[in-house]
Amino acid sequence: MKIAFTDIVGMDLAKQALMLLAVDPALGGVVIPSAVGSGKSTLARAFADILPEGTPFVELPLNVTEDRLIGGVDLEATLASGVRVVQHGVLSKANGGVLYVDSLSLLDSSAVSHIMDAMSRGEVLVEREGLSEVHPANFMLVGTYDPTDGEVRMGLLDRIGIIVPFTAQNDFRARKKIVDVVLGKRDLEDTRDELKMLAGFINAAKEQLPQVSITKEQVQALIQTALSLGVEGNRVDIFTVRAALASAALQQRSDVDEEDMKLAIKLVLIPRATRMPEREEAAEDMGPEEAPPPEEEPETGEEEQQPDNSTDADAEEEKEETPDMIEELMMEAIETELPDNIMNISLASKKKSTSGSRGEALNNRRGRFVRAQPGEMRSGKVALIPTLISAAPWQETRKKDKKMAGRPKTALIISKDDVKIKRFRDKSGTLFIFMVDASGSMALNRMRQAKGAVASLLQNAYVHRDQVALISFRGKQAQVLLPPSQSVDRAKRELDVLPTGGGTPLASALYLGWETAKQARTKGVSQIMFVLITDGRGNIGLQSSFDPNAEKPSKEDLEKEVEALSLSVQSDGIASVVIDTQMNYLSRGEAPKLAQKLGGRYLYLPNAKAEQIVDAALSF
Amino acid sequence: MTQTETAAKKTAARKTVAKKAAAAPAPKKAAAPAKKKSGLAFPFTAIVGQEEMKLSLILNIIDPRIGGVLVMGHRGTGKSTTVRALAEVLPFIDRVEDDIYNRTPSQFVEGEDARKGAKAIDPATLKTEKIPVPVVDLPLGATEDRVCGTIDIEQALTSGVKAFEPGLLAQANRGFLYIDEVNLLDDHLVDVLLDVAASGKNVVEREGISIRHPARFVLVGSGNPEEGELRPQLLDRFGLHARIITILDVAKRVDIVKRRREFDEDPDAFMKKYSREQVKLQKKIQTAKELLPEVTMSDEVLTDIARLCMNLGIDGHRGELTITRTAHAHAAFMGQKVVTMKHVREIAGLCLRHRLRKDPLETLDAGEKIERELAKVLGEAEAV
C-alpha cells in the first residue's frame, strides 16, 4: 500500500520544505540528504499527494542515457513511418511537474549538466540526430541522496532552492517503524480527508502568495546572513526571499515575519554555509583546527576581491544599518540550527555508515555508455541502436538507388556514414589522493612543496583525465580540502589558505582517504593512488577524531589502527606512495614502516621539489 | 531553385534563427517563427554589476574580430542571464532574404557561383532584409550532425533530392555562438569548433554530397572554473576572458532581488520600464560600430602595448593584436577617436588574463600581475 504524505511521521523539516516548494515551484526544488533506509524516498514520492491532480511526477533512473534524458529519434516509429519521429526526453516529460532523482549524488556528471541546463532555461534544446526542437521543461527537482555516497555537484545545488539540512533529525529509522504500526490501524478515509485538507491548504497558500510582501530591511538582513555564512553566488538571495514569502503564504499572512525568515535561513542558507558567522564569542568557542582562520574569510576567493576592497567596506556599513533586532535574530537562528562544527557534518554521517560496508565488493565498472557519436567502425564499440536509427529513414531511398541494385532486397542497407560508436564516460584516468601532513612536526616549506606538486599534477589533469583530491591532516582530525576534481583554481585556493600546526591524526587521514576512494569507485574511477606526504608519526587516534572526550590511545593502539586501515586500503587495490620529508637525523623510520603497511612505495625526499613529487607519483 | 535555397526556405519557416530574434524590437519582423517562443529574456541594462562581462560582450559586438569572450566565474552570478540578454541590444545586419547562412549579397553571389552548374547571379536582383545579429545557443548535448549540418531526410524521402540541412554553425554565421558550461563540452565537439573557428568555414560531406559554407562567429563561452579546466587550444581561441564573482555589496544584492522579483511578476511591464535604456544602449553600440573605422592609435601606444606583452612573457602575437583591436573598440564605445593608454589599461586584463604562462607556485592573481606590469610600462613611458 502506498504511504501518503500525511502518514509519514517526523521529517518535519523535509515536509515543510516540500510544502514550500508546492506553494512556490519557482524555488526550483528540494534536496533531502539522509541516511539509507530513513524513508526519504518514500517522502519524496508522497510529495505527489500534495500537488494538484495530474501534475507529472517523473522518476529519473540513474543509468539514463543522453537521448532518453533530452529526447531523440524514436526508432520504432521512425522505422515504421520512414519519417523521423521525435521521442520526448525525461526532462520534458517532467514539464510542469516534478523530476525526482533518488541517489542524486550518484548521478552521472553529464546527466547533471543537462539537468542544470534545463533548469536554467526552463526548456530543453534538442539539437541531435537531425532534430532541432525546443521542448518546455519547467520542473521542480526533488532529489534525495545518502551523503556517504558522495556529494552532489555544487553547480546543481545552486539551482535548487531548498536543501534540507543534514542533521540527526533526518534519521528517521525509528520513526519509520511507528509509521508502519500506525499504518496498520489507519483508516483510509481519514488519510484521504487529511490529504484533501492539506491540498486545500496549499492551494490557499498559492493564492495568498502574490499578496505577501517583504520589507527592504528584511531582504537586507537575509542577504547579510548569506554574506556572513560565506554562501557563494547571488542566485541564492532570490531563493531565500522566495522561501520566506512562501512560508508566510502558508500561514495565510500578508507580511513576512521572523519565523518565515528563520525557516528560509534554515532551508536555503545554512546548508550552503562555508564558514561560521563572524561573531567574536562564537569564534573563540571553535576548536582552532576546525575553525577556518579569519584570513580564509572570503570563500568566494579572496584574491579576486582585492581590486575592490570598497565592496567589503560597503557590506560592513550596510551591516550597521540593518536594524539590530533583525540582525540578532538571524544570528540566533544560525546558532540554534548550525551544528557545533559545520565541517563535521559530512564526517558524522560517514561514521554512521561504516559498519558493515567495509567488506563490500568493489564496483569495477569501466565507465558508462553515455552517448553514440559518428566514428569509424574499428575505432570503438559499435552502438547498434543509434546506427540503426541513423540508417532507418534512408532505407527506401537507398533501395531505389541503382548502385544498390545487386543487393538482396531484404537486407538493411547501412552505409559508412551511419556507423555510430559508443562513447563512454571516460574515467580511465587515475585519481590521486594527496594526504598532506600539516601537523606541527612538519616544517612549513614542505607544505609549499606539496602545494606545488598538487598544482603541477592538476595542470596536466585535463590531458590525462586525471583527478586530484586533497586531504590535510592536523589537530584532531583529517579534512577533505578538495574532493576529487580537475580544477586548478579550486585546489590553489584551498592550498593557499591551508594552516599548519597541531597533532598528527594519521589514522583519520587514511580513513578519509579510503572513504574518498570508495566514493570515487562508485562513480567509475578504477585507478586510485594515495600520495602521503608525512613523517609517518601519527599521534591522534581515530576515536579522538570523532569524540573529543575519548581517552588518549596507547602507542600500540595507534599503530593497530593504522595497520588495520592500511590493510583495507591495500586490499581495495589502492596503490600508494609515502613521501618522507623528514630530516635524516630526526627520522625514526616511521614513514618507511607506513609504506610497508600500505604495500606501497617509499620515497625519501628530504628536500623534495614539486616536480620530484610529481614524478614519483606518476612513475607508477 | 537550388538545394540550399530550398533548405533555407524550409528551415527559416520553421525554426531557430528567428527564435532569439523574436523578442527583439525588429523593425520589420520576418515571418513569425512557428516555433514556440522562449520566455522573455531579462533586459541587459537591468543587470546589476558585473561590468567586466558586460563590457567584453559589448566590445565584441562593436568589433567581432576581437575573437569572442570567455566568461568564467562563480555559480549563480548571472553569467548565462547576461549572455542571453545580449540578443536584445544587438544591432541589425543585412542579409539576403531568407538566407540560412545570413550572407550579404556579395557573399551570397560568391558562394552560389562556386557551386557546380549554378547560373551567375546578379547581386542587384537579390532582395535583402535586416535581421538582428543572430545569437545561437549550442547546448552541451548537441550532436555533431546538428552542429555542422546534415542531409535533410524528409526532403530526400519526399522529393528524392539530397538537400543539405544546415546546422547551428550555419545559423551562427555573422553572429554569436554561445556555449554555456563550455568547459564541460565534449572533446569531439571542441575539435569541430576549433577547426571551424580557425578556417571560418564549415565543410560537411555526407551521403555523397559535399557542402562548404561560411561560418564566422563570435564565440561566447561561460562556465564555472571549479567544474573543470578548459582545453588550452580552446582557451587560446577566446579573445577576451572576463571573470565574474559573487557581488558582496548588500545594497546591490537587494537591488538584484528587487529587479528579479519585479521581472518575474510582470515581465512585460519590466521590459517596458527598461526599453528606453535598452534602445539607448543599442544606439550607442551602433554609433560606436560606425565610429570604429575612424579610430586611430599612435605608435607610442602601440609600443607600450608590445612592451607590456613582452614583459609579461606572452607567447605569440595574439595578445598584442587582441589588445589593439579591443582598445580601438573601447575608444569607439566611449565616443573617442584616439586610443590612449587609459583605454588600454581598462581592457588589458580582459585581453591577457588567460594568456599568461601558468606557474603552479604563483600565488599572485593574473589581474594584479598585469596591472603591475602595466604600471611599470606606463611609468617608463611617462619618464621618457
Name the residues whose placed amide hydrogens come within less than 5 Å of the amide hydrogen of A:Leu141, ignoring near sequence neighbours (fewer than 5 apart) on the same chain. A:Gly29, A:Val30, A:Leu99
Sequence ranges B:85-97, B:172-184, ranked by mean other-Cβ count within 10 angstrom, highest first: B:172-184, B:85-97
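Regarding segment B:294-383, what whole-number volume in Å³ per residue does the convex hull of its Cα atoms give? Walk me through the numbers on the way to the answer.
Values: hull volume 7.8 nm³, N = 90.
Hull volume normalised by residue count: 86 Å³.
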Count, for each residue of A:149-159, the Cβ atoms from other chains sitting within 10 Å of its Cβ, then give me the mean as a whole number. 2
Report ³J(HN,Hα) in whole Hz for each residue of segment B:371-376, in order, from the Karplus equation J = 6.51 cos²θ - 1.76 cosθ + 1.60 where θ = phi - 60°; Gly and Pro get x. 4, 5, 5, 4, 4, 4
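Within the set of other residues whose C-beta is less than 11 Å from the C-beta of B:Gln336, count the net charge using Lys and Arg as +1 and Asp and Glu as -1. Walk me through the intermediate numbers first.
Details: positive: B:Lys337, B:Lys342; negative: B:Glu294.
Local charge sum for B:Gln336: +1.
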The alpha-carbon center of segment A:501-539 and that of segment A:46-70 are separated, in whole Å, by 38
Hull-based mean projected area of segment B:130-251, where the convex hull spans the alpha carbons, in square nanometres: 10.7
Amide H of B:Val136 versus every other amide H placed in the peptide plane: which residues, excluding those fewer than 5 positions away on the same chain, fall under 5 Å? B:Phe176, B:Leu177, B:Tyr178
Points 7 angstrom from Cα along the Cβ direction at B:Ser275 and B:Glu51: gap in nanometres? 3.0
What list of whole percents do you get for P(r) of segment A:1-132, with Cα-Cα distances grouped in 10 Å bins up to the one holding the largest distance? 11, 38, 32, 14, 5, 0
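Taking the radius of gyration and the Kirkwood hydrodynamic radius from Cα positions alone, what is the Rg/Rh ratio for segment B:189-337, to two decimal places? Provide the component values of the computation, followed by the final result.
Numbers: Rg = 20.9 Å, Rh = 20.0 Å.
Ratio of gyration radius to Kirkwood radius: 1.05.
Going highest first, how would you order A:251-260, B:161-170 by mean Cβ packing within 10 Å? Please report the intermediate quantities before stating the final value.
Details: A:251-260: 15.7, B:161-170: 22.9.
Most protected by this proxy first, the peptides run B:161-170, A:251-260.
Grab the Cα-Cα distance for A:Asp572 and A:Asp257, subtract it from 0.36 nm times how many residues apart they are, and report the gain in nm with one decimal. Could the numbers behind the result be given before it?
On the way: separation 315, 0.36 × 315 = 113.40 nm, distance 5.34 nm.
Going from the current span to full extension adds 108.1 nm.
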Rounded to a whole number, the mean other protein chain Cβ count within 10 angstrom for residues of A:109-118 is 4
Given A:Lys40/A:Lys381; A:Lys381/A:Lys523; A:Lys40/B:Lys79; A:Lys476/A:Lys555; A:Lys420/B:Lys201; A:Lys400/A:Lys420, the pairs whose alpha carbons are separated by over 28 Å: A:Lys40/A:Lys381; A:Lys40/B:Lys79
Could you tell me the relative contact order of segment A:56-157? Use alpha-carbon pairs under 8 Å, at least six residues apart, and round to a whole percent. 32
Table column - 3J(HN,Hα) (Hz), segment A:115-126, Karplus curve with 6.51, -1.76, 1.60, x for Gly and Pro: 5, 4, 4, 4, 5, 6, 9, x, 7, 10, 8, 9
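Considering only DSSP beta bridges whose two residues both sit in segment A:1-136, what percent are antiparallel, to the nearest 5?
On the way: 9 of 12 bridges.
If we restrict to bridges inside segment A:1-136, about 75 percent are antiparallel.
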Most to least packed among B:312-319, A:150-157, B:143-150, B:282-289 [average Cβ atoms within 10 Å]: B:143-150, A:150-157, B:282-289, B:312-319
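What's the average, rounded to a whole number, of partner chain beta-carbon atoms within 10 Å of each residue's beta-carbon in A:217-230? Could the numbers behind the result be given before it?
On the way: counts 1, 0, 7, 5, 1, 4, 10, 3, 0, 4, 5, 0, 0, 1.
Per residue, the number of nearby Cβ atoms from other chains is 3 on average.
Computed from the coordinates by the stated procedures, all read-outs in this text should not be read as laboratory data. Quantities reported herein were computed from a predicted structural model and do not represent experimental measurements. Counting neighbours? That spans all protein chains shown, and the Cβs are built from the backbone with ideal geometry, glycine included.
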